[in-house]
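**Q** Supplied in structure tokens, the structure appears directly below.
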Amino acid sequence: MAGCSGGSEEAAGGDTPVENPGDDGGETTATAAATETETETATSTEAPGKAEVVIASREVRTEETDYGTVDAYAVFELVNEGDAPSGPINVELRFYDGSDTILSTRPATARTLGPGETWRGFKKYLDTEGQDVASVRIEAEFASSLTVMEDVEVVESSISREEDSSYLTSTGVLQNNTGGELGYIEAISKFYIEEKVIVGAEYTNELNIPAGERWRFENMFDTSFAPEITNVEILPGDNNL
């Protein structure tokens with residue numbers, strides 16, 4: 001399984017199997033080009049005392065392709081050590097070469113992270129010369145709370161994937177049971193690879209849903225380089241900050 005755990009390191013050049021669901025569940029071999037593990041605190045954009053998201057680890061992995069090139073990608077973990085779900089988490093990943101020069105910067109986002117949960121993220125370095133990547137650094141900020149809409153019911157939920165596609169589609173239906181018009185609502189799909197470990201949390205939103213009516217939604221998640229999704233949770237929320 002791709003990923004890294006806080007407190008462990010891999011020697012440079014070691015081989016780690018990566019399960020790629022885009023290849024019918026087969027395994028490819030990824031080489032850990034560099035690993036850095038430490039705990040850092042992300043910056044909250046809301047009042048403290050709710051969610052507390054920390055950066056637990058990050059590393060770079062490389063993988064040879066069938067075309068003779070090398071893909072590089074970052075694997076990182078953020079943990080919510082607070083007692084409430086976070087709001088949106090925004091991450092900036094910077095890829096460096098061996099001389100500590102920035103090669104590329106890429107963003108990553110998750111709409112929420114529950115208390116005690118880990119976000120294990122995967123982000124590809126876009127250049128085909130992945131062998132040039134020696135390390136990755138990460139900065140993150142998050143909103144410290146999420147309004148969970150208790151009176152919005154998830155009446156349908158399913159996941160699907162088109163053949164030969166790396167994208168997993170989460171679809172469902174929410175019903176407004178608040179007794180009044182719902183001015184703003186988000187349908188958040190949390191993609192789990194194991195209990196309390198997500199690889200992503202995607203969302204879509206809608207406005208002005210009348211009382212008692214239903215809304216059908218769809219979220220898509222790119223599973224490239226990520227382990228197999230075992231469960232998808234639908235969370236009706238309000239992040240209209």
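**Q** Any idea which residue in the range 215-233 is farthest from Ser189 (Cα to Cα), counting only those that are part of a strand (DSSP E or B) and touching an Asp or Glu at 6+ places or on another chain (Cβ under 9 Å)? Steps first, answer last, please.
**A** If we filter the range 215-233 for residues that are part of a strand (DSSP E or B), which is where we start, we get 215-222, 231-233.
Keeping just the survivors that are touching an Asp or Glu at 6+ places or on another chain (Cβ under 9 Å) gives 215-217, 219-221, 231.
Working: Trp215: 15, Arg216: 13, Phe217: 10, Asn219: 7, Met220: 9, Phe221: 9, Asn231: 10 Å.
Restricting to residues being part of a strand (DSSP E or B) and touching an Asp or Glu at 6+ places or on another chain (Cβ under 9 Å), the top hit is Trp215.
**Q** How about the range 41-55: which of its residues are part of a strand (DSSP E or B), out of contact with any Phe, Trp or Tyr (no Cβ under 8 Å at 6 or more places or on another chain) and at pLDDT 50 or above?
**A** Quick first cut of the range 41-55, residues part of a strand (DSSP E or B) only: 41, 43-44, 53-55.
Add one more test, that the residue is out of contact with any Phe, Trp or Tyr (no Cβ under 8 Å at 6 or more places or on another chain), and what stays is 41, 54.
Of everything in the range 41-55, just one residue is part of a strand (DSSP E or B), out of contact with any Phe, Trp or Tyr (no Cβ under 8 Å at 6 or more places or on another chain) and at pLDDT 50 or above, namely Val54.
**Q** Let me ask something else about it. Looking only at residues that are under 14 Å from Glu206 (Cβ atoms) and aliphatic (A, V, I, L, M) in the range 161-188, which one is surrounded by the fewest Cβ atoms within 10 Å (Cβ to Cβ)?
**A** Step by step, filter the range 161-188, then rank; the result is Val173.
**Q** In addition: Quick one: which residue in Ile229, Ile198, Ile188 is under 13 Å from the mean Cα position of the chain (by Cα), modelled with pLDDT under 95, farther than 30 Å from Thr101 by Cα and aliphatic (A, V, I, L, M)?
**A** On the way: Ile198 fails: modelled with pLDDT under 95; Ile188 fails: modelled with pLDDT under 95.
The unique qualifying residue is Ile229.
The values are calculated or read from the model by the stated rules, or taken from the named source; none is laboratory data. These numbers were taken from a predicted model, which means no experiment stands behind them. Neighbour counts run over all protein chains shown; Cβ positions are idealised from the backbone, glycine included.
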